[in-house]
Amino acid sequence: MGTEETSPGDGELASWPTGRLLAVAARLVEQKWTSVLAGLGLTHAGLIVLHLLGEGPLAQRSLARRCEVTDQTMSRTLDRLSREGFVARAPDPADSRRRLVAITAAGREVHARAIRAERHGTGAFGAAVANDQFRAQLVQLISGLREDRSGAPPAGRDERGGAGY
């Protein structure tokens, strides 16, 4: 008789360390969100770029810095967005060596559709992202973790970087 794999019940989940809960929740939300975005012809990175371009055209290097990625990574993201018709590149009138990236009408539309999907999603995914208090707590958590980046390994980690529990 073989063993059947089952998902952990709520009682078992409640016993998990917070870090594990966050990691599993993040992975499940990411899988759902990736599927939603793919249906729109977007990726996570593409959505971030469209969001930033809503403020106005930006140079590729500026976009890369604001997204905390390399110029090469940004170039690949912009290539895909350009192929989909969501962004357009044009020479910068102030500096002919640079190219500015701007969101197109199609880009504005798909961005708006993605935001609607996030805010009005179904099931737990929609409930989690629509909860303003939960979102505020996530912002606070991420801000605090960014401030804690000091180069020292976090407490509870062994020398190889594994969890200490």
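No value in this document is a laboratory result; all are computed from the given coordinates. Since this is a predicted model, take the numbers as computed values, not measurements. Glycine gets a Cβ as well: all are built from the backbone with ideal geometry, and neighbour counts include every protein chain shown.
If the condition is being of a type outside the set (Ser, Thr, Tyr), surrounded by 16 or more Cβ atoms within 10 Å (Cβ to Cβ) and free of Cβ contacts under 8 Å to residues at least 60 places away in the same chain, then the stretch 100-113 contributes 100, 101, 103, 107. On the basis of being outside any helix (DSSP H, G or I), in contact with a helix residue (DSSP H, G or I) (Cβ under 9 Å, 6 or more places away or on another chain) and within 27 Å of residue 146 (Cα to Cα), does residue 24 make the cut? So residue 24 fails the test. Of all residues in the stretch 35-53, those satisfying the criterion of being in a helix (DSSP H, G or I), surrounded by 15 or more Cβ atoms within 10 Å (Cβ to Cβ) and of a type in the set (Gly, Ala, Ser) are 45, 46. The set of residues from the stretch 85-122 being among the polar types (S, T, N, Q) and within 18 Å of residue 59 (Cα to Cα) comprises 96, 104.
Out of all the residues in the stretch 80-91, which are loosely packed, with under 14 Cβ neighbours inside 10 Å and farther than 19 Å from residue 114 by Cβ? Explain how you work it out, then say what you get.
Filtering the stretch 80-91 down to residues loosely packed, with under 14 Cβ neighbours inside 10 Å leaves 83, 85, 90-91.
The answer is 90, 91.
Of all residue pairs spaced 6 or more apart or on separate chains, those with beta-carbon atoms under 7 Å, a first member in the stretch 11-30 that is in contact (Cβ under 8 Å) with a residue 60 or more places away in the chain and within 15 Å of residue 138 (Cβ to Cβ) and a second member that is part of a helix (DSSP H, G or I) and not aromatic (Phe, Trp, Tyr) are 29/128.
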